[in-house]
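Asks: Quick one: this structure, given as structure tokens, is what I'll be asking you about.
Derivation of every value follows stated rules applied to the coordinates shown; laboratory data play no part. What you are looking at is a predicted structure, and each value in this text was computed from that prediction instead of being measured. We place every Cβ from the backbone using ideal geometry, glycine too, and count neighbours over all the protein chains shown.
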Amino acid sequence: MKKKITIGYIFCERKLKGDEKSFIRVAKKKKIELVMFNISKKLSEKEIEEKAKKCDIVFNNSAEDFAYEVVKTIEELGKRVVDSSRTYYYLEDKWITFLKCHDHKIPVPDTILLSENLNVAKYELLDFKRWPVILKRVEGCCGEYVAKANTLDEAVQIIKKFWKRGGRMPIIAQEFIPSPSYRVIVINNKIMQTAIKNAPGWKKTGIYEKKNKKFKIDGKLKEIIKKLMKTIKINVCGVDLLKKDGKWFVLEVNTTPGLDFFENERTKLIEEIIDFLIKRVKKN
């Protein structure tokens, strides 16, 4: 009798929610065994090892920092995780994402890395000459540690606030582009979904948006996404873009994208992810 493919699933919820229920449902439909790693509950190294032994491949669906440690632990046990810890390490760093895009001529907002010497950072901001300017820690999600400064004095206060609140993690200064945030979900190099994040205020994180709308992918954006995927080599992601004077700019690449922009499409996205995981197991 042919052995069933077993997929590990990392998540962080007190109880099963939409993604988890859909993964369980789709896995059952496709006759796949699912091993759940719920990192919100006590999970010892031995338990991780025992669970990992059963898995042919593991999918991480949690953006929690602790999830990345679990991913690295599972990789140390010799199991493949989608996406790899190396992918998370580079793409969750906004400065590295900028550099990768810039080096491969993928359009991105003008960005500089600020010195942790505040006096030097002041001169860098004055030379940058982009007012208002967006200040961001190199790591963060859902708009956390992201602020807009209209003047140098405001920028200095924001930097001090970031450092006081969360330590001296590096900060980037970025050109402000007044635009909705356009999200593109990509799975296995295929564009699977689009959504416009047009929440109130200048921050377009999408967490406050209740009714999402789709947008059409034009030829130029299709080229950008194709080039981006070839450059960053990620299997499942959400690409955030801005638009300025009719031109597209890549803002960020999210390694664990939300799959719930459109509830009626959640299952379709999860089916695509599971199909990709099955192919990856069979290929190896």
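Asks: For region 45-117, which chymotrypsin sites (Phe, Trp or Tyr not before Pro) are in a loop by DSSP, counting at most 14 other Cβ atoms within 10 Å?
Replies: Details: sites: Phe59, Phe66, Tyr68, Tyr88, Tyr89, Tyr90, Trp95, Phe98; in loops: none.
When the chymotrypsin sites (Phe, Trp or Tyr not before Pro) of region 45-117 are filtered for loop state and at most 14 Cβ neighbours within 10 Å, nothing remains.
Asks: Tell me, what is a quarter of the convex hull surface for the C-alpha atoms of region 48-198, in nm² with one decimal? Kindly include the intermediate steps, with their values, before the conclusion.
Replies: Numbers: hull surface 44.4 nm².
Averaged projected hull area, Cα only: 11.1 nm².
Asks: With a Förster radius of 30 Å, plug the Cβ-Cβ distance of Leu77 and Lys230 into 1/(1 + (r/R0)^6) and report the FRET value to the nearest 0.05.
Replies: Numbers: r = 30 Å, r/R0 = 1.00.
According to the calculation, E is roughly 0.50.
Asks: Please return the longest stretch of the chain lacking exposed loop sites, where GluC sites (Glu not before Pro) count only if DSSP places them in a loop and at most 14 other Cβ atoms lie within 10 Å. Mind showing how you got there, number by number?
Replies: Details: sites that count: Glu116, Glu144.
Between the exposed loop sites, the longest stretch runs 145-284.
Asks: Give me the extension gain from Glu64 to Glu223: residue separation times 0.36 nm, minus the current Cα-Cα distance, reported in nm with one decimal. Present the calculation step by step, with values, prior to reporting the outcome.
Replies: Working: separation 159, 0.36 × 159 = 57.24 nm, distance 3.12 nm.
So the extension gain works out to 54.1 nm.
Asks: Under a point spin-label approximation (7 Å from Cα along Cα-to-Cβ), what is the Ile196-Arg25 distance to one decimal in nm?
Replies: Going by the 7 Å Cα→Cβ label model, 2.9 nm.
Asks: Figure the gain on full extension for Tyr123 and Lys54 (residue separation times 0.36 nm, minus the Cα-Cα span) and round it to one decimal in nm.
Replies: On the way: separation 69, 0.36 × 69 = 24.84 nm, distance 5.51 nm.
Difference between extended and current length: 19.3 nm.
Asks: Can you tell me the FRET efficiency between Ser44 and Ile278 if r is taken as the Cβ-Cβ distance and R0 is 30 Å, rounded to the nearest 0.05?
Replies: On the way: r = 29 Å, r/R0 = 0.98.
After rounding to 0.05, the efficiency reads 0.55.
Asks: Also: Percent of Cα-Cα pairs more than 13 Å apart in region 110-175, please.
Replies: Details: 1209 of 2145 pairs.
Taking all Cα-Cα pairs of region 110-175, the fraction more than 13 Å apart is 56 percent.
Asks: Once every DSSP H run of n ≥ 4 in the chain is given -39500 (n - 2.57) and the sum is divided by its residues, what mean residue ellipticity at 222 nm do you get, rounded to the nearest 500 deg cm²/dmol? Present the calculation step by step, with values, prior to reporting the outcome.
Replies: Values: 9 runs with 109 residues, N = 284.
When only DSSP H runs of four or more count, the value is -12000 deg cm²/dmol.
Asks: Ok, one more. Here are a few candidate values for volume of the Cα convex hull per residue in Å³: [x] 262; [y] 148; [z] 160. Which one was actually calculated from the structure I just gave you?
Replies: Here volume of the Cα convex hull per residue in Å³ agrees with entry [y].
Asks: Return the FRET efficiency for the residue pair Arg86, Cys12: r is the Cβ-Cβ distance, R0 is 22 Å, and the value is rounded to the nearest 0.05.
Replies: Values: r = 21 Å, r/R0 = 0.95.
After rounding, the FRET efficiency stands at 0.55.
Asks: While we're here: Please report the spacing between the Cα centers of region 153-178 and region 24-52 in Å, no decimals.
Replies: 39
Asks: What distance in nm separates the two pseudo spin-label positions at His102 and Asn189, each 7 Å out from Cα along the beta-carbon direction?
Replies: Modelled inter-label distance: 2.8 nm.
Asks: Tell me, what is the percent relative contact order of the chain, built from C-alpha pairs under 8 Å that lie six or more residues apart? Could the numbers behind the result be given before it?
Replies: Working: 455 pairs, mean separation 51.8, N = 284.
With pairs under 8 Å counted, the relative contact order is 18 percent.
Asks: Report, in cubic angstrom per residue, the convex hull volume of the C-alpha atoms of region 6-82. Provide the component values of the computation, followed by the final result.
Replies: Working: hull volume 6.1 nm³, N = 77.
Once divided by residue count, the hull of region 6-82 is 79 Å³.
Asks: Further question: Using unit Cβ charges (K, R positive; D, E negative) and no other charged atoms, how large, in debye to the nearest 20, is the dipole of the chain about its Cα centre?
Replies: Numbers: 61 positive and 39 negative charges, 249 e Å.
That gives a dipole near 1200 debye.
Asks: May I pose another question? Tell me, in nm to one decimal, what length is gained between Lys243 and Leu113 on full extension, where the rule is 0.36 nm per residue of separation less the Cα-Cα distance? Please report the intermediate quantities before stating the final value.
Replies: On the way: separation 130, 0.36 × 130 = 46.80 nm, distance 2.26 nm.
Full extension from Lys243 to Leu113 adds 44.5 nm.
Asks: Going by how many other Cβ atoms sit within 10 Å of their own, how do Lys54, Lys42 line up, fewest first?
Replies: Numbers: Lys54 12, Lys42 7.
In order of increasing Cβ crowding within 10 Å: Lys42, Lys54.
Asks: Take every Cα-Cα pair in region 145-266 and report what % of them are more than 21 Å apart.
Replies: Values: 3467 of 7381 pairs.
Result: 47 percent of Cα pairs exceed 21 Å.
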